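**Q** Would you mind keeping the following structure in view while I ask a few things?
The values are calculated or read from the model by the stated rules, or taken from the named source; none is laboratory data. Just so we're clear, the structure is a prediction, and the values are computed from it rather than from any experiment. Note: ideal-geometry Cβ built from the backbone for every residue, glycine included; neighbour counts use all protein chains shown. Accessible surface is based on the protein model in full, side chains and every heavy atom, while ligands, DNA and RNA are left aside. Shrake-Rupley method; radii C 1.70, N 1.55, O 1.52, S 1.80 Å.
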Amino acid sequence: MATVYIHIGAPKTATSTLQGVLANNDRKLLRHGVLYPRDSRHGDAHHLLVCDLIEQHQGVRMPDIWYGDKPRGQAWAALRSEMQRHAAEIDSVIISSELFFGQNKGIEAMLDTVSDHLGGHEVKVVVYLRRQDQLYSSFYNQDVKGVRQWPHSAYQFYQTHQMFRQDYHSMLNAWSSAFGKHNVLIRPFEQEQWLDGDILRDFCALTGTVQLTSTYRDQNESLGALQLYLKRCLNQVGYAKSDNEEVLRILQKMCPEEPLKGCSYVHKGLYRSYRSEWAKANRAISRDYLDGAPLFHSTIPRPRDLELYQIDAQALAAVIAHATAELRKGLYSDHRPLFTRALLLALAEQGLWDLLPGDDSASLLGWV
């Protein structure tokens, strides 16, 4: 029977790139004995499989956006049916969804259900792990930037997001308990450790798949320091998720800025405790899964080596003045109420009223 590779992420490890290439080449893969299933897929990935597990075992109704026109509760049956149709022509199956990663509530029951659905098949789990400080900072920045519209601090993000409720070692142990430690294939998200420095070649070699081609480029650049803060203010004020891309476009036009690189979003004492937890988990992975080899070649930065994320009050006041002038011209009229409230929130939180010209203050208050 075909070997099933379950690619579980992690998020922020080129999952969208890999899924896009696999989906675009599914016919070529099938000719070479590899099934990248279609019927349990919405878009390029197999998020429906995870959504059905979450609804079944966590009692959470997943958003309609994950399903599109596909019925709820039918993804695993559709997968089994498609695998049966192609049983005579395939040696392996690749399933890919980063929604698997970070699931911890009811995870044992979820993986038991996966085992039941894939009974008779050898299952191998493919996971790319990004250094924890990079995952944390990138994921936080993107959740503020994206349609999740995270409105709170990085500390609240870390304390409440399911992604960080268990460490890497505990997560791997759950999967190895279900499918066997030797079937958990761990790869670092470090270019120098990929085959030929190419993550797609690395993934194809790991899964025994015919080589495919693509050029990986991180398409989710982080927001700059002021952009991040103002986007949080916009998120706090609140607006439709369908407007997120347009709101982001306006913000970046009003406040052009270079992406943030290598900073700590929490104070150094808190970062130090996080770093200690991350390093402990990585040592355990090295011991239990990698025969003592280090997981990452690059070390997690020490607190003293990182700049603390902070807002430059003078620069923020200048951006607010510029944004006010743009709004006064009648630009972005459909979104002026939203931006007005967000700018007022920023002024109040940062105590910047004295740095703003009086006519700008009057304009903002008048628009409210």
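**Q** Would you mind telling me which numbered condition in (1) under 21 Å from Val127 (Cα atoms); (2) open to solvent by less than 40 Å² (accessible area, probe 1.4 Å); (3) part of a helix (DSSP H, G or I) Ala78 fails?
**A** Only one criterion is unmet by Ala78, namely (1).
**Q** A further question on this structure: Sort out which residues of region 251-264 are buried (at least 20 other Cβ atoms within 10 Å of the Cβ), in a helix (DSSP H, G or I) and within 23 Å of the chain's Cα centre (by Cα), and write them in order of number.
**A** Across region 251-264, the qualifying residue is only Leu251.
**Q** Also, I was wondering about something else. Of the numbered conditions (1) touching an Asp or Glu at 6+ places or on another chain (Cβ under 8 Å); (2) outside any loop (DSSP other than H, G, I, E, B); (3) open to solvent by 50 Å² or more (accessible area, probe 1.4 Å); (4) without any contact (Cβ under 8 Å) to a residue 24 or more places away in the chain, Arg72 fails exactly one; give the number of that condition.
**A** (2)
**Q** Of all residues in region 191-201, which are buried (at least 18 other Cβ atoms within 10 Å of the Cβ) and either under 18 Å from Arg287 (Cβ atoms) or touching a residue at least 12 places away in the same chain (Cβ under 8 Å) (or both)?
**A** Ile199, Leu200
**Q** Something else: Out of all the residues in region 216-242, which are modelled with pLDDT under 95 and open to solvent by 50 Å² or more (accessible area, probe 1.4 Å)?
**A** Correct list: Tyr216, Arg217, Asp218, Gln219, Asn220, Glu221, Lys241, Ser242.
**Q** Can you report the number of residues in region 40-61 which are outside any loop (DSSP other than H, G, I, E, B) and either open to solvent by 10 Å² or more (accessible area, probe 1.4 Å) or closer than 12 Å to Gly73 by Cβ (or both)? Can you show your working first?
**A** At the first step, the residues of region 40-61 found to be outside any loop (DSSP other than H, G, I, E, B) are 42, 45, 47-58.
Next cut, either open to solvent by 10 Å² or more (accessible area, probe 1.4 Å) or closer than 12 Å to Gly73 by Cβ (or both) only: 42, 47-49, 51-58.
Total satisfying the criteria: 12.
**Q** Now, a different point. What number of residues within region 144-164 are at pLDDT 95 or above, among the charged types (D, E, K, R) and within 23 Å of Ile54 (Cβ to Cβ)?
**A** 0
**Q** Let me ask another. Test each condition in (1) farther than 23 Å from Trp66 by Cβ; (2) touching a strand residue (DSSP E or B) at 6+ places or on another chain (Cβ under 9 Å) for Tyr136 and report the one that comes out false.
**A** Condition not satisfied by Tyr136: (2).
**Q** Taking region 126-168 as the region of interest, how many residues are assigned to a helix (DSSP H, G or I), of a type in the set (Val, Ile, Thr) and open to solvent by 40 Å² or more (accessible area, probe 1.4 Å)? Reasoning before the result, please.
**A** So in region 126-168, the residues assigned to a helix (DSSP H, G or I) come out as 132-145, 154-160, 162-164, 168.
Of the ones still in play, those that are also of a type in the set (Val, Ile, Thr) are 144, 160.
Right, trim to open to solvent by 40 Å² or more (accessible area, probe 1.4 Å) and you get 160.
Adding up the residues that qualify gives 1.
Listed here are the residues, each with its yes/no results for (1) surrounded by fewer than 20 Cβ atoms within 10 Å (Cβ to Cβ); (2) in contact with a Cys (Cβ under 8 Å, 6 or more places away or on another chain); (3) not in a helix (DSSP H, G or I).
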| position | (1), (2), (3) |
| --- | --- |
| Ser176 | yes, no, no |
| Leu185 | yes, no, yes |
| Cys204 | no, no, no |
| Gly208 | yes, no, yes |
